[in-house]
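One structure is given below, encoded as structure tokens.
Just so you know, all these numbers are worked out from the coordinates, no wet-lab data involved. The structure presented is a predicted model; accordingly, all values stated were derived computationally and were not measured. A quick note on method: Cβ atoms are made from the backbone with ideal geometry, for glycine too, and the neighbour counts reach across all protein chains shown.
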Amino acid sequence: MLPYLAPDSPIDSFPDISEALIEPDGLLAMGGDLSCERLIAAYQRGVFPWFNEGQPILWWSPDPRLVLFPEKLKISRSLKKNIRNSGFSVSFDKAFVQVIQYCAHTPREDQDGTWLSQDMQAAYYDLHQRGIAHSVECWHDGRLVGGLYGIALGRVFYGESMFTHKSNASKVAFATLVQQLQTWHFALIDCQVYTSHLHSLGAEEISRTDFRQLLEDYDASSTEDSYWQG
């Protein structure tokens with residue numbers, strides 16, 4: 001039976017991630033709440049929320065885990081050209097609300113509706129207000145055409161969702177972010193589950209056990225939000 005977290009349960013009361021179900025894809029627990037404290041506790045344990053409208057809050061820890069080590073970023077010749085010469089500009093934390101709304105409402109193949117409910121958007125906005133959730137924006141002719149958002153804790157960036165309204169815009173945003181994270185000495189980017197899009201940029205699958213060890217190694221208990229300012 002899937003463990004249930006009461007809304008008033010301790011924020012660190014998640015089951016051990018080794019107890020996650022193999023099918024479907026690392027489902028660990030249900031219930032709890034979307035408070036900043038519980039979300040931070042979840043990410044530090046290798047757990048993230050994902051659920052559709054009308055479902056209880058569901059918590060996941062897939063095995064294998066898709067990650068990108070920043071130094072292993074792959075930038076193709078065509079992507080380099082897009083970064084240099086296609087009129088894109090990239091910013092950080094300039095349009096967090098727009099980015100998360102676009103992530104919620106941009107149509108995707110094989111997906112009806114969105115998992116980014118109003119409650120989820122509000123929860124990540126609260127984390128943004130605390131300097132923990134961050135956005136990356138890709139602009140073209142003054143218009144927001146792509147981007148992504150995620151969580152920064154310690155030397156780990158936990159990617160959550162991305163969108164694109166112009167070819168290659170999300171790739172430009174992501175590649176620019178990874179290069180900046182290298183400069184800031186981040187050691188790991190969590191991409192959660194496999195996509196060919198992220199794999200083409202250098203992401204690789206590792207075991208859940210190895211992922212948990214990396215989180216411990218890279219001290220996910222603190223962050224430098226000043227990196228994102230300015």
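FRET efficiency for the pair Gln118 and Gln55, taken as 1/(1 + (r/R0)^6) with r the Cβ-Cβ distance and R0 = 22 Å, rounds to 0.95.
Once each part is reduced to its C-alpha centroid, what is the distance from segment 47-122 to segment 1-39 in angstrom? Each part reduced to its Cα centre gives a spacing of 22 Å. The stretch between Gln129 and His199, if pulled fully straight at 0.36 nm per residue, gains 22.1 nm over its current Cα-Cα span. Put a dot 7 Å past the Cα of Arg77, heading toward its Cβ, do the same for Gln98, and the two dots end up 3.4 nm apart. Footprinting exposure proxy ranking of Met120, Met162, Met1, Met30, fewest other C-beta atoms within 10 angstrom first, gives Met1, Met30, Met120, Met162.
Basic side chains Lys and Arg get +1 at the Cβ, acidic Asp and Glu get -1 at the Cβ, and with that the dipole of the chain about its Cα centre reaches some 1300 debye. With R₀ set to 25 Å, the beta-carbon distance separating Asp141 from Ile11 gives a calculated FRET efficiency near 0.05. In sequence order, segment 144-161 has phi-based couplings of 6, 10, x, x, 7, 9, x, 10, 10, 9, x, 9, 10, 10, 9, x, 10, 7 Hz under the Karplus curve 6.51 cos²θ - 1.76 cosθ + 1.60, θ = phi - 60°, and Gly or Pro positions carry x.
With each run of n ≥ 4 DSSP H residues scored as -39500 (n - 2.57), what mean residue ellipticity at 222 nm is computed for the chain after dividing by its residue count and rounding to the nearest 500 deg cm²/dmol?
Numbers: 7 runs with 69 residues, N = 230.
Mean residue ellipticity at 222 nm (helix-derived): -9000 deg cm²/dmol.
Ranked by the mean number of other Cβ atoms within 10 Å of their residues, highest first, the peptides 144-150, 60-66 fall in the order 144-150, 60-66. For Leu73, no residue whose modelled amide H falls within less than 5 Å of its own remains once neighbours fewer than 5 places apart on the same chain are excluded. Once backbone amide H atoms are built at 1.01 Å from N, Ser161 has Tyr149 as its partners under 5 Å, excluding neighbours fewer than 5 places away on the same chain.
Taking a ≥ b ≥ c as the square roots of the eigenvalues of the Cα gyration tensor, segment 4-62 is classed as oblate, since a/c reaches at least 1.5 and a/b does not exceed b/c. Would the chain count as rounded, prolate or oblate if I go by the C-alpha gyration tensor, calling it rounded below 1.5 in a/c and otherwise prolate when a/b exceeds b/c, oblate otherwise? In terms of gyration-tensor shape, prolate. Residues whose amide H comes within less than 5 Å of that of Gln192, counting only those at least five positions distant or on another chain, are Leu66 (H built at 1.01 Å from N in the peptide plane). Dipole orientation for the chain: of the candidates Cys191, Gly131, Gln179, Gln179 has the Cα lying most toward the positive pole (charges on Cβ; Lys, Arg +1; Asp, Glu -1). Here the gap between Ser207 and Glu37, fully extended at 0.36 nm per residue and compared with their Cα-Cα distance, gives a gain of 58.6 nm.
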